[in-house]
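Peer 1: Quick one: this structure, given as structure tokens, is what I'll be asking you about.
The values are calculated or read from the model by the stated rules, or taken from the named source; none is laboratory data. Small disclaimer: the values here were computed from a predicted structure and weren't measured. In this analysis, Cβ positions are derived from the backbone assuming ideal geometry, glycine residues included, and neighbour counts consider all displayed protein chains.
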Amino acid sequence: MVRRLRVKVIPSTKSILIFLVVWLYKFTIMVMEDSRPADLDGATTEQLCCLIDDGRPCMRPAGNASYGKKIQKTVQQRKLKLELNDKINHSYICDHHKEVIHSLRQIKPRKRPGSDRDSSPEVQAKRGNKTDVNFLQMPVNTLRRYKRHFKLTTKPGISKALLSDAVQRHFKSIP
């Protein structure tokens, strides 16, 4: 009969570390598999858009944009046919609806009353594009800069009134 000797083996630190790493790896895989939501088929679910568009629930995947009060106000003001789906327990909307709502929120430049009729080419042609500028109201140094830029010839030490007349004549002669 063969007798086996039982010897107590004290595990080395290396074997303990290997055991802990393997155990931790198996544990994290098990936890990750349990935390995934699954359908009846076993496939993972994706959040859908929380809006009902024209009576039909939106089936697009939800993005990170939330359907908050500011967006609800925009939807109500613009009279869009969008409603919040009560069957869905989140308030995230898809990128399509986000872009639709965002495009409506863009600030459009306001036109001044009468600006579109005054700036038409027909009106400007009737006026002859004449602009009357009172050069006497401009400061002297501005008139001198104009004279220097366009190289106008005048007498040295000219008065403001004569300088403004010379600048005005030159200004009107520009095509």
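Peer 1: Restricting to the range 147-175, and then to whatever is exposed (fewer than 11 other Cβ atoms within 10 Å of the Cβ) and aliphatic (A, V, I, L, M), can you tell me which residue is farthest from ASP132 (Cα to Cα)?
Peer 2: Filtering the range 147-175 for residues that are exposed (fewer than 11 other Cβ atoms within 10 Å of the Cβ) and aliphatic (A, V, I, L, M), the one farthest from ASP132 (Cα to Cα) comes out as ALA161.
Peer 1: When the range 74-85 is examined, which residues are found to be closer than 13 Å to LEU48 by Cα and among the aliphatic types (A, V, I, L, M)?
Peer 2: The one that is closer than 13 Å to LEU48 by Cα and among the aliphatic types (A, V, I, L, M): LEU84.
Peer 1: Can I ask one more? Being within 30 Å of LEU51 (Cα to Cα), modelled with pLDDT under 85, exposed (fewer than 10 other Cβ atoms within 10 Å of the Cβ) and of a type in the set (A, V, I, L, M, F, W, C) narrows it down to one of ILE71, ILE101, ILE88, ILE107, so name that one.
Peer 2: The unique qualifying residue is ILE107.
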